[in-house]
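Notes for the one structure printed next.
The values are calculated or read from the model by the stated rules, or taken from the named source; none is laboratory data. Given the structure is predicted, the values throughout are model-derived calculations rather than measurements. Glycine also receives a Cβ, built like all others from the backbone with ideal geometry; neighbour counts cover every protein chain displayed.
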Amino acid sequence: MPKNPNVKRVMVIGSGPIVIGQAAEFDYAGTQACRSLKEEGVEVILVNSNPATIMTDRDIADKVYIEPLTVKVLEQIIEKEQPDSILPTLGGQAGLNLGMELEESGFLAEHHVTLLGTTAATIRNAEGRQEFKDLMERIGEPCAASKVVETVEDGIAFTDTIGYPVVLRPAYTLGGSGGGIAHNQTELEEILENGLRLSRVGQVLVERCIAGWKEIEYEVMRDSAGNCITVCNMENIDPVGVHTGDSIVVAPSQTLSDKEYQMLRTSALKIISELQITGGCNVQFALHPTSFEYCVIEVNPRVSRSSALASKATGYPIAKVAAKIALGYTLDEIKNAITKKTYASFEPALDYCVVKIPRLPFDKFITAKRTLTTQMKATGEVMSICDNFEGALMKAIRSLEQHVDCLRSYDFSALSADELRERLKVVDDQRIWVIAEALRKGISEEEINEITKIDIWFIDKIAILTEMEHALETEELTPELLAEAKRMEFPDNVIARLSGKKESEITALRYENGIRAVYKMVDTCAAEFEAHTPYYYSVYGGFCEAKRTSGKKKVLVLGSGPIRIGQGIEFDYCSVHATWAFAKAGYETIIINNNPETVSTDFDIADKLYFEPLTIEDVRSIVDIEKPDGAVVQFGGQTAIKLTQGLMEMGVPILGTQAKDVDAAEDRELFDEILEQTKIPRAAGGTVYTAEEAKEVANRLGYPVLVRPSYVLGGQGMQIAISDAEIEEFMAVINRIAQDHPILVDKYLMGKEVEVDAVCDGCEILIPGIMEHIERTGVHSGDSISVYPAHTIGKLIKDKITDYTEKLAKALHVKGLINIQFIAIGEDVYVIEVNPRSSRTVPYISKVTGIPIVDLATEVILGKTIRELGYEPGLQPEAKYYAIKMPVFSFEKIRGAEISLGPEMKSTGECLGIAKTFNEALYKAFLGSGVNLPKYRNMIMTVKDADKGEAIEIGRRFEKLGYTIYATRSTAAALNEAGVKARKVNKISQESPTVMDLILGHKIDVVIDTPTQGRDKHRDGFLIRRTSIETGVNVITAMDTARALVSSLENKEQSEKLELVDVAKL
Amino acid sequence: MKAFLILEDGTVFAGTHIGAEKEVISEIVFNTSMAGYLEVLTDPSYAGQAVCMTYPLIGNYGVCLEDMESLKPWPDGFIVRELSRRPSNFRCDISIQQFLEENGVPGIAGIDTRALTQILREKGTMNGMITTKEYENLEEVLPKLKAYTTGKVVEKVTCKEKYVVNATTDLSENGPISGSAKFDKAKWSAGEREKKPSLVKELNGAGLKVALMDFGAKANIAKSLAARGCQVTVYPALTTAEEVLRDAPDGIMLSNGPGDPKECTSIIQEIKKLYHTEVPIFAICLGHQLMSLATGADTYKLKYGHRGGNHPVKDLATGRVYISSQNHGYVVDVEKLDRTVAIPAFCNVNDGTNEGLAYVGKNVFTVQFHPEACPGPQDSGYLFDRFIDMMKRAKAGEKVDAAALYGNAQGETESESTQGEKVDADKNEGEVR
């Protein structure tokens, strides 16, 4: 069926800010789909509140609205732009829900807008629990049996029909308390009785327990003619019980015979046909490990994280094809973009093995529980490809950038065999390392399988790796042994450590014996057809398909690896734009990256894509073949910067700012020299290695002081210390990982934080705009609300900032991008930090000023001057509207994480509010981040003494908005004394009603809780904040944020209707 | 132990020896299925060939003997990237190493199977030798390799005597209907393994007698019919038409099989006779090619064949695309087809080659791919139901014209040949040997 001619203007809904469970994969899918739509001549109207995305670029969509993703806003956009269709299946769950709400309210019908792709009825059938269950029953596809019971007798009777064990989940209890797994009737009676008592409504869900079963996923496509294919199947190494986003996943499935494989494939096709999905869909199964019994766990009728992974794992562009299907094409009409000969109606055949490992944020949330459950916690993931499982696993491990490079990186050798048996029961992110140690201690593969339920095939693969470690330690390092270790992708430095040699010796031995990485192509067809898309992965042993191309100049763009707190999607935005800019300038572009969720690893972004770990050795292997004319590291975040030295040693010229200048910005002494030369002030400080030295510096400067490691992004490990005791604590944490660079201790200055991104051509600079943070210094810039244009600082300060930026950029010989953070105190400006590279704010400032600074930086790197590019150097004229960047957190996903803001970054994403007035922009920004107030007009205030004065002013403004204020004892006293009516509530330990009861009562809009300076160890505060977050109550931990919120609410009272801004026109 | 794969063009791959210890010369082909290596090994159509699996990790789930598609493995050799050290599956009986050794199949592991596949793709299927001997002078072996032909292999693989596969009389005999399997701990502990699930939900073939001509039939062809209630009698390939017809079957099924269809001269004669009866005929793979040759069409050898579980075929009656299991090196030449005899019923979406024929004015329908799956997708299993329907209508006295379903197919056939042109550059076609 050809394209539907009625589809001319399509509105695409994005997924909003990056949060855990909804990350960069939707930018990838959205961008690919938008390009696919535009290719067909369709006009695309894009809505997404996330400014860091590529999909919100003006060259991806025709109209771009970076507006809050709410039904109201979407309705307004539909009224304004009058699209004929809307595509809701690209924006994750958020986008899908919005599409459904618009459809169900009748708004779409009223405005003659068609829901493209899957229909509303289909979405309801797939998403509604009961509807889905009924449908599955009708078509004979099994779901885990479950029933809500109100008596113990009913529970026993039901369990007798489904068999033990069963999972018991009491209704309406916090965090699943009172639930459990019952293996027999005695346990069932006990848990059920307790659960029924604890449940507020006296109900317990009894469900067949499928924990420990194999978790298998199928990515399926279907078109309107009913043609179905499966793109890929994937097997989770972690059995059912761990969220697939937190599981180590392998593609294709490894332990299924053709019988199980086809049984589940047929089931997946049956389900997608029955649901009448048109587009992509993900079906998750639980398969009993010792029988053909299976259950359908879930169906996602949209593109998802798994579909992004499947696309990268197979080369089959799911989102692109889904967009074409939405336009009416059938699978046999859509060309396979990789082979350019076959069609989309085929199933990819893999001739390699893919491993995905989640990137978990426990390095940021050290108090959080590392346990993995059905609640996803990972912020990102890495993928690797190899022709053997061992190699793929080893590559994925070192791609994580978590100071792990092999199965010894977490050391459990101190545990005895019995302790390891216990430790194996813990399901956390270190489990494969525990398994490796258990194998070393002689625990049998069968026993490990018994405890962990991980399939023995995977355990044996881990055993093969530990045996290789042992061989490297004990045997002579013959070329044969070395070749075998490399086949399993042991990095040279690990081989060196194990064999007691130097890394350089290993590398030399390798090269002498011709043991080098070769590159194979991902071609969707296992070499059956000739492929045209150079998408490569490395293996050892075999023929190399990657050919050194010549003719054009060649540039290597180093990606930013997995998405983590502090290094997010922004750096992928920069890498992709730089790649495009180099291509435009006539360069052949090569991207190296390992993140399957990103646009940069889409096969048609660069001329060549190497899906590889970003370590010096892995990059060298590519350089050996490609011999690039230069590499650019300033766009890939810290991941790429870390490779600078290595690249130079390989003889690859660094394009743009030189390594020594990057060092000068990070090295305390060198940087101090520059500041002295340029006469730019900064907070006094010193460099230290030990806690003793740190205390000495701190006492010399006077508390409070800022403690942080150098060469990190996102303020990792950064803390404000107010005492010697805290210094000791923080230094211990930082030094848990051996530091290559010294630790910085600075006097903590309290003032207004201001940030600039600039392009420098070596002589002159261009500053698109100055951004001002709402929160005072002490809150990490990535977690602050950022306002453009800076609205509370005067011309004098702005001139100083421009002057300092120019001086610093020139002193550091910057060619390309530079990011500087300042503190303004009165008329003084101090430098906090200089990063001679791209930053988190680059996409944001590019979009709101309309100045494409990554493109400009790339041109500058290639030798153009700012003037030649048509810009007048210096600070650019300010826009006539406000654009406010709001951080977004995922605290509710990480149990036990401290949520109060500090110098260490904690946000996972951001959204934008853009409007004519400051307050409206602020309101939009809050709305975009999910703060949609007022609801009940009740609030709680509990602030530290120093904040009481500001609390009064803020409290008074909330009171005026009709808020009832509850406050703890001393805050209430302060408020009442100042004439702001506040009701006193008891602390948690006191009698009911306490502050906790209020929060659990679900009638509170917001909690303002400012923790005492430094690390708040007060249990009450921590509990209040955690409980609020877990019950969905907004929590604010800085007075500046609270003031901003009340301002935005005041604005809302004045005008209901928001003004929409098409960012593509800025 | 070291092993070598020497190709006809002089390429030598060095790897590790697996399986039985012997030297073989054979035709080297590749299969792209990611699972189902046992079904591949036991598919008689591979007789006279050595199979290279493009998926690099083989043997992961070991060998479940009940999944065998015939009584023994047929390929002369087995070529893999890596054999799993430890198989893992609840039904695993023995390891693949053991299976190869016990059945006398030699092989080679640890070679760059992707590079081998690319050579076969570029240069076409060629002969090769798997050996543990290090030949100093290739000239000694290359002529031998070039001289090799698969020959009349059908006679080697067919059954020696006719036998009966009994019809299922109760659905439960087929095993649980897919999706309804239940793990039974007591039975598991007693060592019982649950039966493979079945997709068959009704015994629509009950009472029908099918004659299956075994040219190297995969077991699941007979099973697929029996599971639907048909009584299947399997005949050796050289059984005469008269003998088959004497048993008065309700339908005749021509099976898959190995080798060049044009070698099967006497079989073609018998099929011609069957064609001229009114008995409904359904044919798969070699059977499809033989029927076409029996009715005056031509076949030619593809450059490197279709072997795998991911080939899209389009049903030209409905436009629907199904993913199919395939294993063939030869194909019916659709250009030379006399459309008054047969019209194309299916085509391959990748390269436009013929995948099925409906015979004009006859109750005869044939496909190039494998609706019996094993290994591979089960999408086209509905064709067995179509065959049952053909038999039922014939039995009820109806005059069935298989091409009627494709009556409006004239336009479709044209679009099909355009598709053929579109992919001309990539034509998986070689010289007619």
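So which residues in region B:27-39 are hydrophobic (A, V, I, L, M, F, W, C) and within 9 Å of chain A (Cβ to nearest Cβ), if there are any at all?
B:PHE30, B:MET34, B:ALA35, B:LEU38
Quick one: B:THR239 ticks every box in (1) within 20 Å of B:VAL164 (Cβ to Cβ); (2) at pLDDT below 95 except a single one, so which number is it?
The failed condition is (2).
Just to be sure before I move on: is A:MET731 assigned to a loop (DSSP other than H, G, I, E, B), in contact (Cβ under 8 Å) with a residue 24 or more places away in the chain and on the phi < 0 side of the Ramachandran plot in the structure I sent?
Criteria not met by A:MET731.
Out of the helices (runs of 4 or more DSSP H) lying entirely within region A:564-667, which hold 3 or more residues that are at negative phi and out of contact with any helix residue (DSSP H, G or I) (no Cβ under 7 Å at 6 or more places or on another chain)?
Filter on region A:564-667 gives A:569-584, A:616-626, A:637-641, A:659-666.
If we only count helices (runs of 4 or more DSSP H) wholly inside region A:355-458, which ones have 2 or more residues that are touching a residue at least 12 places away in the same chain (Cβ under 8 Å) and farther than 25 Å from A:THR290 by Cα?
So the answer is A:389-399, A:417-423, A:431-440.
For region B:304-326, how many residues are within 11 Å of chain A (Cβ to nearest Cβ) and surrounded by fewer than 21 Cβ atoms within 10 Å (Cβ to Cβ)?
Matching residues across region B:304-326 total 3.
Just for region B:151-162: of the residues that are assigned to a loop (DSSP other than H, G, I, E, B) and of a type in the set (Lys, Arg), which one is surrounded by the fewest Cβ atoms within 10 Å (Cβ to Cβ)?
Per the stated criteria, the residue is B:LYS160.
Select from region B:40-58 the residues that are touching a strand residue (DSSP E or B) at 6+ places or on another chain (Cβ under 6 Å), more than 12 Å from every other protein chain (Cβ to nearest Cβ) and aliphatic (A, V, I, L, M) and write down the one among them that is nearest to B:ASN310 (Cα to Cα).
Once the filter is applied, the top-ranked residue is B:VAL51.
Return yes when A:ILE774 is in contact with a helix residue (DSSP H, G or I) (Cβ under 6 Å, 6 or more places away or on another chain), of a type outside the set (D, E, K, R) and under 25 Å from A:THR1041 (Cβ atoms) and no when it is not.
Values: in contact with a helix residue (DSSP H, G or I) (Cβ under 6 Å, 6 or more places away or on another chain): yes; of a type outside the set (D, E, K, R): yes; under 25 Å from A:THR1041 (Cβ atoms): yes.
Considered against the rule, which asks whether it is in contact with a helix residue (DSSP H, G or I) (Cβ under 6 Å, 6 or more places away or on another chain), of a type outside the set (D, E, K, R) and under 25 Å from A:THR1041 (Cβ atoms), A:ILE774 comes out as yes.
Considering only residues that are within 24 Å of B:PRO249 (Cα to Cα) and in contact with a helix residue (DSSP H, G or I) (Cβ under 8 Å, 6 or more places away or on another chain), which ones fall in region B:389-408?
Correct list: B:MET390, B:VAL400, B:ALA402, B:ALA403.
Identify the single condition in (1) within 17 Å of A:ILE325 (Cβ to Cβ); (2) at the interface with chain B (Cβ under 8 Å from one of its Cβ atoms) that A:GLU219 does not satisfy, given that it satisfies every other one.
The number of the failed condition is (2).
Inspect all residues belonging to region A:818-827 and state whether any of them is assigned to a loop (DSSP other than H, G, I, E, B) and aromatic (Phe, Trp, Tyr).
No, that holds for no residue.
Quickly run through region B:59-79 and pick out the residues that are within 14 Å of another protein chain (Cβ to nearest Cβ) and without any contact (Cβ under 8 Å) to a residue 40 or more places away in the chain.
Within region B:59-79, the first condition is being within 14 Å of another protein chain (Cβ to nearest Cβ), and the residues that meet it are B:59-69, B:79.
Passing the criteria: B:GLY59, B:ASN60, B:TYR61, B:GLY62, B:VAL63, B:CYS64, B:LEU65.
State all residues of region A:455-485 that are within 19 Å of A:SER409 (Cβ to Cβ) and within 14 Å of another protein chain (Cβ to nearest Cβ); if no residue qualifies, say none.
A:PHE458, A:ILE459, A:LYS461, A:ILE462, A:ALA463, A:ILE464, A:LEU465, A:THR466, A:GLU467, A:MET468 - these are the residues of region A:455-485 that are within 19 Å of A:SER409 (Cβ to Cβ) and within 14 Å of another protein chain (Cβ to nearest Cβ).
Name every residue in region A:943-988 that is among the aromatic types (Phe, Trp, Tyr) and part of a helix (DSSP H, G or I), in order of residue number.
Answer for region A:943-988, where residues must be among the aromatic types (Phe, Trp, Tyr) and part of a helix (DSSP H, G or I): just A:PHE958.
Tally up the residues in region B:115-150 that are surrounded by 14 or more Cβ atoms within 10 Å (Cβ to Cβ) and either within 14 Å of chain A (Cβ to nearest Cβ) or out of contact with any strand residue (DSSP E or B) (no Cβ under 9 Å at 6 or more places or on another chain) (or both), please.
Number satisfying all stated conditions: 10.
Consider A:ILE591 carefully, then state whether it is away from every other protein chain (no Cβ under 14 Å), in contact (Cβ under 8 Å) with a residue 60 or more places away in the chain and hydrophobic (A, V, I, L, M, F, W, C).
The answer is no for A:ILE591.
I'm trying to understand the selection: among the residues of region A:740-762, which are exposed (fewer than 15 other Cβ atoms within 10 Å of the Cβ) and under 14 Å from A:TYR689 (Cβ atoms)? Walk me through how you get there before you give the answer.
We begin by selecting, within region A:740-762, every residue exposed (fewer than 15 other Cβ atoms within 10 Å of the Cβ); these are A:740, A:750.
Across region A:740-762, the qualifying residue is only A:ASP740.
How about region B:177-198: which of its residues are of a type in the set (Gly, Ala, Ser) and touching an Asp or Glu at 6+ places or on another chain (Cβ under 7 Å)?
Of everything in region B:177-198, those that are of a type in the set (Gly, Ala, Ser) and touching an Asp or Glu at 6+ places or on another chain (Cβ under 7 Å) turn out to be B:GLY179, B:ALA181.
Among (1) out of contact with any His (no Cβ under 8 Å at 6 or more places or on another chain); (2) away from every other protein chain (no Cβ under 14 Å); (3) under 18 Å from A:ASP332 (Cβ atoms), there is one condition B:GLY356 misses while meeting the rest; what is its number?
Unmet for B:GLY356, out of (1) out of contact with any His (no Cβ under 8 Å at 6 or more places or on another chain); (2) away from every other protein chain (no Cβ under 14 Å); (3) under 18 Å from A:ASP332 (Cβ atoms): (1).
Counting only residues that are among the β-branched types (Val, Ile, Thr), in contact with a strand residue (DSSP E or B) (Cβ under 7 Å, 6 or more places away or on another chain) and within 14 Å of another protein chain (Cβ to nearest Cβ), which one in region A:257-296 is surrounded by the fewest Cβ atoms within 10 Å (Cβ to Cβ)?
Step by step, filter region A:257-296, then rank; the result is A:VAL296.
Condition first: in contact (Cβ under 8 Å) with a residue 12 or more places away in the chain and surrounded by fewer than 24 Cβ atoms within 10 Å (Cβ to Cβ). Can you find one or more residues in region A:301-314 that meet it?
No; the residues of region A:301-314 include none that is in contact (Cβ under 8 Å) with a residue 12 or more places away in the chain and surrounded by fewer than 24 Cβ atoms within 10 Å (Cβ to Cβ).
Considering only residues of region A:222-248 that are assigned to a loop (DSSP other than H, G, I, E, B) and more than 13 Å from every other protein chain (Cβ to nearest Cβ), which is nearest to A:LYS377 (Cα to Cα)?
A:HIS243
Pairs only if they're at least six apart or on different chains, beta carbon under 6 angstrom, first in region A:1045-1066 and part of a helix (DSSP H, G or I), second at pLDDT below 75; list them, first residue then second.
Matching pairs, first to second residue: none at all.
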